[in-house]
1. Can you give me the number of residues within region 77-105 that are near the ligand (Cβ under 9 Å from one of its atoms), hydrophobic (A, V, I, L, M, F, W, C) and touching a residue at least 12 places away in the same chain (Cβ under 8 Å)?
2. Among the numbered criteria (1) touching a helix residue (DSSP H, G or I) at 6+ places or on another chain (Cβ under 9 Å); (2) at pLDDT 85 or above, which one does residue 1 miss?
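The values are calculated or read from the model by the stated rules, or taken from the named source; none is laboratory data. If you're wondering where the values come from, they're calculated on a predicted model, not measured in any experiment. As a convention, Cβ positions derive from the backbone with ideal geometry for all residues, glycine included, and neighbour counts pool all protein chains shown.
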Amino acid sequence: MRLLWVLSLAGAALGGLQLVSVFTEAKSAPQQASGAAIALALAVLPYCLARSIQGLTGGMDSDGALDRAAADSGRARRCPHCRGVISQKASACRHCGRDVQPAPEQQDAIG
Ligand SMILES: [Zn+2]
């Protein structure tokens, strides 16, 4: 997943270089326009690809995955108002700010 973001960064850098070289080397307006379009595609396409794959895989690099992992392991729970992941001991939701009932102590909880 991280590779895709590196790729999109490289694409953006490449697109920037392409844009500069097009405007220094192109001899006519159509050449400039097509060069600029290629630069835009270089910059945007890898980003779109990375975003869409991240969306399909559930955003493994985002906080969402960490939140889900925390919820699954029993250290967190979901806010009844906005379904955001919050701590077991939270008395207010950090996402929507509304008050929530602190969860009762679990018998098998560690710490
Ligand atoms: Zn909430």
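1. So in region 77-105, the residues near the ligand (Cβ under 9 Å from one of its atoms) come out as 78-84, 86, 92-98, 100.
From what is left, the residues that are hydrophobic (A, V, I, L, M, F, W, C) are 79, 82, 86, 92-93, 96, 100.
Then keep just the ones that are touching a residue at least 12 places away in the same chain (Cβ under 8 Å); that gives 79, 82, 86, 93, 96, 100.
Qualifying residue count for the region: 6.
2. (2)
Table: residues versus (1) within 16 Å of the ligand (Cβ to nearest atom); (2) farther than 30 Å from residue 15 by Cα; (3) at pLDDT below 70.
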| residue | (1), (2), (3) |
| --- | --- |
| 39 | no, no, no |
| 48 | no, no, no |
| 65 | no, yes, yes |
| 75 | no, yes, no |
